[in-house]
Structures are given as C-alpha cells and as structure tokens.
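The structure appears below as structure tokens.
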Amino acid sequence: MTRAEAARAAGVTVREVRERPDLLRLGGTHLEEVYHAFQFDRDGVRWDLGSIVREMKHRHSDAAIADWLVRPNPVLIGVSPLRWLEARGQHDLVIKAAYDHPPIDDPSE
C-alpha cells in the first residue's frame, strides 16, 4: 500500500502514518515507503500485529519482521505467525515464537 492508502486504512493523516511504531514499512530512502496490506483490517491497524511489531522493532528491522511473519515457525508447529494469528488468534504464543525463534536480521540469507 502507498503511504496515502495506509493512512486511510489506519484512519490517520499521511504525516501520522509514517510515525506509527506499530506499522511495518519498506523503502523510503529515495522513493516513498510502502506498507504491507496484511497489517490492516476493516477497523484499521490490526491490534494483534501492531503489538507484535512494536515488541519486535526494538531488535529487528521492518523487513526482517515482515519476512518472519510469513515464514513457517517451528514454535507454531510449522505455521507462519501471520496464519497462526488468523486461524487461532493466540497472540501470546506468537510473542513467545518471536523470542524463541526470532527473525533473521537479513532475510536474504
């Protein structure tokens, strides 16, 4: 999603969306950053993903977190954290997975 699309989805201004600590963004150095659509639902920013993102951003890049969210995780019996949340909604177990089997800091490795 573009910055404007993400702002509309989050219910905030274009300026405010860039400052949200609960959103993952990619790029932004020479071009406008983009946002993953999976972070939003009809009510705005998904609270479950937002709290996980805030927790993980202190130690990992946005790209590493996004990659981790969509990869199978052994703590979650081989299910990706994103699918786990969608199917089971067990937010605390996904937080545990973030500590027990964290993202790779360079997802290209």
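Brief remarks follow.
- Contact order for the range 1-90, expressed relative to its length and based on alpha carbon pairs under 8 Å spaced 6+ residues apart, stands at 22 percent.
- Here the gap between V75 and T13, fully extended at 0.36 nm per residue and compared with their Cα-Cα distance, gives a gain of 18.6 nm.
- Modelled spin-label separation between I95 and S51, with each label point placed 7 Å from Cα along the Cα-to-Cβ direction: 0.6 nm.
- For the chain, the solvent-accessible area of protein heavy atoms averages 59 Å² per residue (probe radius 1.4 Å; ligands and nucleic acids excluded).
- Under 5 Å from the amide H of V79 lie the amide H atoms of N73, each residue being 5 or more positions distant or on a separate chain, with H modelled from the backbone and absent for Pro and chain starts.
- Only helical runs count toward this figure. For the chain, summing -39,500 (n - 2.57) over DSSP H runs of n ≥ 4 and dividing by all residues gives -12000 deg cm²/dmol at 222 nm.
- Share of carbon and sulfur in the accessible area of the range 56-109 stands at 53%, probe radius 1.4 Å.
The values are calculated or read from the model by the stated rules, or taken from the named source; none is laboratory data. The structure presented is a predicted model; accordingly, all values stated were derived computationally and were not measured. Don't worry about glycine lacking a Cβ; one is built from the backbone with ideal geometry, like all the others, and counts go over all protein chains shown. Remember, those area values only see protein heavy atoms, side chains included, never the ligands or the DNA or RNA. Shrake-Rupley method; radii C 1.70, N 1.55, O 1.52, S 1.80 Å.
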